[in-house]
Amino acid sequence: MATAEQIPDILSPEFAENPYPAYRTMRESAPLIWHEATKSYIISRYDDVERAFKDKESVFTTDNYDWQLEPVHGKTILQLSGREHAVRRALVAPAFRGGDLRDKFQPVIERNSRELIDTFRHTGSVDLVEAYATRFPVNVIADMLGLDKADHGRFHGWYTAVIAFLGNLSGDPEVAAAGERTRVEFAEYMLPIIRERRDHLGDDLLSTLCAAEVDGVRMSDEDIKAFCSLLLAAGGETTDKAIASIFANLLLHPEQLAAVRRDRTLIDRAFAETLRFTPPVHMIMRQTAADVELSGGTVPAGSTVTCLIGAANRDGSRYREPDSFDIFRDDLTATTAFSAAADHLAFALGRHFCVGALLAKAEVETGINQLLDAMPDIRLAEGFDPVEQGVFTRGPQSLPVEFTPVG
């Protein structure tokens, strides 16, 4: 098995600054690496990561979430398997697809986007990350759940602490403690609201979760709290970074931005290509239940496997010119990009495919459309070059743009 001696360590500043050259070296010469600091095997090729996500033989499990997610969320649907997972997913999934998403939550998405854009549409300049991307998905989720959007600051603080905990690969004790405090604070906030909502059901998602029943199974208060915590963190951080990354990628490729501006049906292509080229989540872990052969060697049973989405999504054996951003590429299917049949790995695959993928798609379509309407000549602020930051999750921390106000 290859070692990591010639590759920047995933915890190094060099890797954090630009992981893509390291990803390429991993795929080509070290597709399986034992990483001592995280006590995990790192895999980087598309076929290996796809196999880990799609595995139906329970070789690749989510048992690692017991220590990775439970300390901050409580026990979540992601930790379940078999019938227990299927029933819990059936309880929550209807709200994120079809009629509920279109009829109940699309108006919520449109309203929240418009309210944020109204705060800067007349200014001629804005930091899209600070004023829009970090706020929009969290506000949508709070509204969907029937929570008070005035608590946005608390929600944002909580999900930031949770994501920091999940990405705490170096084991910083302060980051770990902050994440665990968040679990306590969020429970103190949510559990009284859940109990009150059970007694006074409304038309919001939280009421739907309280009332949902499949095969005689209902979600407990703790189940609902954990799901809401997961929804805020996963739905907030990932859509936040996706929106910022789409605009960064398009602004750096003006001819593709012009094409999207002219033909808004290309937004789905721009989103799908962004998920491939600069995914919001760069790594997801799995745990092996048996010895498994992968490119480069054997991973023993009981091992943690770090699946590098950011590397796999640029695998030259899967994508033509993988290091180029191209919304017109013919080896990525936009029509399936937001389903379990996706041919990119940003939402994972298989039975743990992201339940919120269609919600993210609806938010991105609405947001990009409304932003382009408000800023038809959007351009990067003079002299600014978008820079990605992050290792576990990654995206622009700032995106100052200029535009001519409309009307």
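The values are calculated or read from the model by the stated rules, or taken from the named source; none is laboratory data. Remember, predicted model here, so these are calculated numbers, not experimental data. Cβ sites come from the backbone with ideal geometry, for glycine too, and all protein chains shown count toward neighbours. Just so you know, the surface numbers come from the protein's heavy atoms only, side chains and all, with ligands and any DNA or RNA stripped out. Shrake-Rupley method; radii C 1.70, N 1.55, O 1.52, S 1.80 Å.
Observations, loosely collected:
- Between ARG218 and GLU174, the contour length at 0.36 nm per residue exceeds the alpha carbon distance by 12.2 nm.
- Peptides 362-371, 186-195, 35-44, ordered by how many other C-beta atoms sit within 10 Å of their residues on average, highest first, read 362-371, 35-44, 186-195.
- The packing ranking, built from the mean of other Cβ atoms within 10 Å per residue, places the peptides 9-16, 175-182, 391-398 in the order 391-398, 175-182, 9-16, highest first.
- Magnitude of the charge dipole, the chain, Cβ model with Lys/Arg +1 and Asp/Glu -1, debye to 20: 760 debye
- Dipole of the chain computed with +1 at Lys/Arg Cβ and -1 at Asp/Glu Cβ about the Cα centre; of MET219, PRO300, HIS35, farthest Cα towards the positive end is MET219.
- The accessible surface of segment 243-287, taken with every protein chain in place and a 1.4 Å probe, is 56 percent carbon and sulfur.
- Listed candidates [x] 0.96; [y] 1.06; [z] 1.18 - label of the one calculated as Cα Rg over 2.2 N^0.38 Å: [x]
- Take the chain with all the other protein chains still there, run a 1.4 Å probe, and you get 40 Å² of accessible area per residue.
- Förster radius 56 Å - calculated FRET efficiency between ALA211 and ALA381, Cβ distance, rounded to 0.05: 0.70
- Relative contact order [Cα under 8 Å, 6+ residues apart], segment 161-318, whole percent: 13 percent
- When each of the peptides 273-282, 120-129 is scored by the mean number of other C-beta atoms lying within 10 Å of its residues, the order from highest to lowest reads 273-282, 120-129.
- Whole-percent carbon and sulfur share, accessible surface of segment 89-224, 1.4 Å: 49 percent
- Inter-label distance for GLU185 and SER295, nm, one decimal - labels placed 7 Å from Cα along Cα-to-Cβ: 4.2 nm
- Inter-label distance, THR335 to ASP118: 3.9 nm, where each label sits 7 Å from its Cα along the C-beta direction.
- Taking 7 Å steps out from each Cα toward its Cβ at GLN397 and GLU255 produces label points 3.3 nm apart.
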